[in-house]
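For reference, the structure discussed in these notes is given below.
The values are calculated or read from the model by the stated rules, or taken from the named source; none is laboratory data. Keep in mind that what you see is a predicted model, and the values were worked out from it rather than measured. In this analysis, Cβ positions are derived from the backbone assuming ideal geometry, glycine residues included, and neighbour counts consider all displayed protein chains.
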Amino acid sequence: MALPPLTADAIAPYATLLKAKDGKYTDLPAVLEISDTPGRHGFAILCPQPAAPGRISIASLERHPHSTQSFIPIKVGRWVVVLAPTLPDGLPDAANARAFIAGPSDAICIHRNVWHAGLTVLDTPAEVAMMMWRADAGDDGIVAELANPIVLDL
């Protein structure tokens, strides 16, 4: 699967591209959405190492039924966004997953309950801010192992 660039229209069913309007303060309510379960907002700085060049194999997808999840680049080159619909049985529809190349100025908010791959960076070690609701019950991270991994050619 070759990767197109990330655009607001392409990810609209699954996520929101976070952009300031006219360089001014822009309210982004999805990022601070209050969950349907007790908890609190969590904020972390993730520091992933780059994936090896060539083919990337995505063996699992995750979703968060109680939270949106936002990724805001601090120091990053290119990074990969993989989003997938849900099958009637609740599992990810890996056959219809969509993958995109994001750049250093692309911030996204993945919608609640959307299947997605973990953060994968390319080019260089990265620093990416992540914000999401952290459910007190600890049940907001569902991972599905894929029978057939999603293979991305870079």
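Name every residue in region 35-61 that is more than 17 Å from residue 103 (Cα to Cα), in contact (Cβ under 8 Å) with a residue 40 or more places away in the chain, surrounded by fewer than 17 Cβ atoms within 10 Å (Cβ to Cβ) and not aliphatic (A, V, I, L, M), in order of residue number.
Within region 35-61, 37, 38, 40, 41, 42, 43, 54, 55, 57, 60 qualify.
Name every residue in region 38-64 that is aliphatic (A, V, I, L, M) and outside any loop (DSSP other than H, G, I, E, B), in order of residue number.
Listed by number, the residues that qualify are 44, 45, 46, 56, 58, 59, 61.
Could you count how many residues in region 58-69 are modelled with pLDDT of 95 or more and out of contact with any Phe, Trp or Tyr (no Cβ under 9 Å at 6 or more places or on another chain)?
So the answer is 3.
Tell me which residues, restricted to region 103-128, are at pLDDT 95 or above, small (Gly, Ala, Ser) and assigned to a strand (DSSP E or B).
Hits for region 103-128: nothing passes.
Here is a check on your reading of the model: is residue 117 of a type in the set (A, V, I, L, M) and loosely packed, with under 13 Cβ neighbours inside 10 Å? Give the steps one after another, and end with the answer.
Values: of a type in the set (A, V, I, L, M): yes; loosely packed, with under 13 Cβ neighbours inside 10 Å: no.
No.
Got a sec? Which of 40, 78, 55 is among the basic types (Lys, Arg) and either at pLDDT 95 or above or closer than 22 Å to residue 8 by Cβ (or both)?
Exactly one of 40, 78, 55 is among the basic types (Lys, Arg) and either at pLDDT 95 or above or closer than 22 Å to residue 8 by Cβ (or both), namely 78.
Say we look at region 96-146 and pick out the residues that are small (Gly, Ala, Ser) and free of Cβ contacts under 8 Å to residues at least 40 places away in the same chain; which of these is nearest to residue 10 (Cα to Cα)?
First, pick out the residues of region 96-146 that are small (Gly, Ala, Ser): 97, 99, 102-103, 105, 107, 117-118, 126, 129, 135, 137-138, 141, 144.
Narrowing further to those that are free of Cβ contacts under 8 Å to residues at least 40 places away in the same chain: 105, 138.
Working: 105: 17, 138: 31 Å.
Applying the filter and picking the extreme gives 105.
I'd like the full set of residues that are more than 11 Å from the chain's Cα centre (by Cα), among the hydrophobic types (A, V, I, L, M, F, W, C) and in a strand (DSSP E or B), limited to region 65-100.
74
In region 25-40, what residues are out of contact with any Phe, Trp or Tyr (no Cβ under 6 Å at 6 or more places or on another chain) and closer than 20 Å to residue 135 by Cβ?
29, 30, 31, 32, 33, 34, 36, 37, 38, 40
Within the bounds of region 85-94, is there any residue that is within 24 Å of residue 9 (Cβ to Cβ), of a type in the set (Val, Ile, Thr) and crowded, with 17+ Cβ neighbours inside 10 Å?
The answer is no, given that none of the residues of region 85-94 is within 24 Å of residue 9 (Cβ to Cβ), of a type in the set (Val, Ile, Thr) and crowded, with 17+ Cβ neighbours inside 10 Å.
Suppose we keep only residues that are surrounded by 14 or more Cβ atoms within 10 Å (Cβ to Cβ) and either more than 16 Å from the chain's Cα centre (by Cα) or more than 17 Å from residue 82 (Cβ to Cβ) (or both) within region 133-145. Which one would you say is modelled with the lowest pLDDT?
Among residues in region 133-145 that are surrounded by 14 or more Cβ atoms within 10 Å (Cβ to Cβ) and either more than 16 Å from the chain's Cα centre (by Cα) or more than 17 Å from residue 82 (Cβ to Cβ) (or both), the one modelled with the lowest pLDDT is 140.
Right, residue 148: over 21 Å from residue 17 (Cβ atoms) and exposed (fewer than 14 other Cβ atoms within 10 Å of the Cβ) or not?
Criteria met by residue 148.
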